[in-house]
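One structure is given here, and the rest of the page talks about it.
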Amino acid sequence: MSLKNVRLEVMQFLEKDVESLIQKYLIPIDSIWQPTDFLPNSESDTFFEEVREIRELSKELPYDFWVVLVGDMITEEALPTYESWLMDVEGVGQVERNGWSKWVRHWTGEENRHGDVLNKYLYLSGRVNMREIEKTTQYLIADGFDIGTDRDPYKNFVYTSFQELATYISHNRVAKIAKKSGNKQLGKMCQIISGDEMRHHHAYSEFVERIFKVDPNQMMMAFHDMMKLKITMPAHFLRESGNKISSAFEEFSNTAQRIGVYTSTDYVDILDKLIKRWEIDKITGLNDEAEKARDYLMNLPARMYRLSDRIKIPQNSFQFKWVEPAVSK
Ligand SMILES: [Fe+2]
Ligand SMILES: [Fe+2]
């Protein structure tokens with residue numbers, strides 16, 4: 001049987017449990033938080049006062065902070081790319097509406113609130129150039145992405161396990177910075193987003209765990225292949241208007257490193273967590289190739305920590321079109 005057919009069979013085998021995993025990891029629409037819970041109510045008479053307060057508090061946060069928040073928001077707003085990618089993964093039945101496509105649709109619904117709430121908040125903040133941001137978002141969606149997972153469910157679930165934890169870290173750190181500057185509302189908002197990301201991370205990690213139980217050799221190879229390739233961020237094609245593809249991503253990621261929102265050490269920490277979570281050292285019954293892949297994975301964090309120590313981040317802010325320099329601090 002071909003590898004592709006084995007993967008399909010495994011996806012079909014696991015599908016019977018997806019309904020219960022949806023219950024375990026996703027929250028019913030009528031009880032989950034909504035963007036309006038964290039934004040001024042435009043039907044209320046106090047709307048303008050609340051907006052004024054947001055604008056005042058926004059002045060307390062520095063230029064690099066806004067760049068990171070904008071980049072995070074754009075990454076969330078490229079959700080159409082992620083949904084269409086995941087709907088195309090082997091075993092996810094778009095037309096048959098199987099458990100996996102139900103998962104992807106519900107997950108997408110939850111994720112959709114992140115870009116939504118951040119977008120509205122940034123619009124109200126008065127600190128950013130929304131038209132430039134909108135153009136970058138449209139470019140990012142139009143450019144799509146290439147994460148090296150192919151249509152392989154194993155690789156895709158490694159990718160999403162990793163990414164959900166990475167977004168947890170960055171939203172959570174942004175929340176801390178906002179709270180520290182006295183902006184409780186923005187802090188709460190970013191914290192609740194990070195909570196969703198953590199929940200999703202646990203879900204995708206459990207999918208991988210379950211695959212390890214039934215197809216350990218190929219699951220090990222998929223984890224190995226993804227880490228060897230390196231996990232690319234979903235916004236790695238980021239660009240500003242008039243510029244080339246990918247031109248803005250490096251500066252965005254430098255900015256996130258500079259303010260400690262997401263660093264190269266975090267990347268290795270995530271890898272280390274995944275190795276521990278999936279108990280890579282304890283998996284038995286591996287063939288020679290998978291044993292080698294395991295060795296590679298087990299040694300990788302130490303090697304990468306040494307490299308990440310040496311990375312130097314430029315100290316000066318990069319001027320993006322998204323955030324007006326006139327009000328930067
Ligand atoms: Fe998200
Ligand atoms: Fe997410």
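The values are calculated or read from the model by the stated rules, or taken from the named source; none is laboratory data. What you see is a predicted model, and the numbers here were worked out from it, not measured in a lab. Every residue, glycine as well, gets a Cβ built from its backbone with ideal geometry; the counts of neighbours run over all protein chains shown. Just so you know, the surface numbers come from the protein's heavy atoms only, side chains and all, with ligands and any DNA or RNA stripped out. Shrake-Rupley method; radii C 1.70, N 1.55, O 1.52, S 1.80 Å.
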Inset, instruction - Please state the charge dipole magnitude for the chain, taken about the Cα centre, from unit charges on C-beta atoms (+1 on K and R, -1 on D and E), reported in debye and rounded to the nearest 20. - result: 920
Legend entry - Förster-model FRET efficiency, 30 Å R0, GLN138 and GLU49, C-beta, rounded to 0.05: 0.35
Inset, instruction - Kindly report the accessible area of the chain per residue (heavy atoms of protein chains, probe 1.4 Å, no ligands, DNA or RNA), in Å². - result: 48
Inset, instruction - Please give every one of the aspartates and glutamates within straight-line cross-link reach of LYS184, meaning a C-alpha to C-alpha distance under 18 Å, and leave out same-chain neighbours fewer than 8 residues apart. - result: ASP37, GLU49, GLU50, GLU53, GLU56, GLU60
Inset, instruction - For the chain, calculate the relative contact order in percent as a whole number, restricting contacts to Cα pairs under 8 Å that are 6 or more residues apart. - result: 23
Inset, instruction - Of the listed pairs LYS4/LYS276; LYS179/LYS213; LYS120/LYS228; LYS102/LYS230; LYS59/LYS312; LYS102/LYS213, which have alpha-carbon separations greater than 31 Å here? - result: LYS179/LYS213; LYS120/LYS228
Inset, instruction - Check cross-link reach from LYS273 to the aspartates and glutamates: straight Cα distance under 17 Å, and skip same-chain residues fewer than eight apart. - result: GLU164, GLU197, GLU206, GLU209, ASP281, ASP295
Legend entry - Stokes-Einstein D for region 236-285, Kirkwood Rh over Cα pairs, 10 °C, 1.306 mPa s (µm²/s): 120
Inset, instruction - Please turn the phi angles of region 235-250 into ³J(HN,Hα) values with the Karplus equation 6.51 cos²θ - 1.76 cosθ + 1.60 (θ = phi - 60°), one per residue in order, whole Hz, x for glycine and proline. - result: 9, 5, 8, 3, 8, 8, 4, x, 10, 7, 4, 6, 5, 8, 5, 4
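Considering Cα pairs under 8 angstrom that are at least six residues apart, work out the relative contact order of region 233-295 and quote it in whole percent.
Computed over region 233-295, the figure is 14 percent.
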Inset, instruction - With a point put 7 Å past each Cα toward its Cβ, work out how far ASP37 is from MET130 in nm, to one decimal. - result: 2.4
Inset, instruction - Give me the Debye-computed log₁₀ of I(q)/I(0) at q = 0.12, 0.19, 0.24 Å⁻¹ for region 1-115, equal point scatterers on Cα only, no solvent, two decimals. - result: -0.65, -1.09, -1.33
Legend entry - Within a Gaussian network of the chain (alpha carbon springs, distance under 10 Å), most fluctuating of TYR82, TYR123, TYR262: TYR123
Inset, instruction - Could I get the Rg over Rh figure for the chain? Both from C-alpha atoms, Rh via Kirkwood, rounded to two places. - result: 0.98
Inset, instruction - Round to the nearest 10 and report in Å² the accessible area of ARG239, as given by a 1.4 Å probe over the protein chains' heavy atoms. - result: 40
Inset, instruction - Roll a 1.4 angstrom probe over the protein heavy atoms and tell me the percent of accessible area of region 114-259 that is carbon or sulfur. - result: 50
Inset, instruction - Taking every Cα atom in region 51-92, find the radius of gyration and the maximum pairwise distance Dmax, and write them in Å. - result: 16.7, 50
Inset, instruction - At 0.36 nm per residue, minus the direct Cα-Cα distance, what do LYS176 and TYR296 gain on full extension? Give it in nm, one decimal, please. - result: 39.7 nm
Inset, instruction - Compute the relative contact order of region 164-266 as a whole-number percentage, counting only Cα pairs closer than 8 Å that sit 6 or more residues apart in sequence. - result: 25
Legend entry - Gained length - SER308 relative to SER247, 0.36 nm times residue gap less alpha-carbon distance: 19.7 nm
Inset, instruction - Multiply the residue separation of ASN316 and LEU8 by 0.36 nm, subtract the distance between their alpha-carbon atoms, and state the gained length in nm to one decimal. - result: 106.0 nm
Inset, instruction - Quick one: give the max-minus-min coordinate of the C-alpha atoms of region 192-329 along each principal axis, largest first, in Å. - result: 61, 33, 26
Legend entry - Karplus 3J(HN,Hα) series, Hz, for region 160-169 with 6.51 cos²θ - 1.76 cosθ + 1.60 (x for Gly, Pro): 6, 4, 5, 5, 5, 6, 4, 6, 4, 4
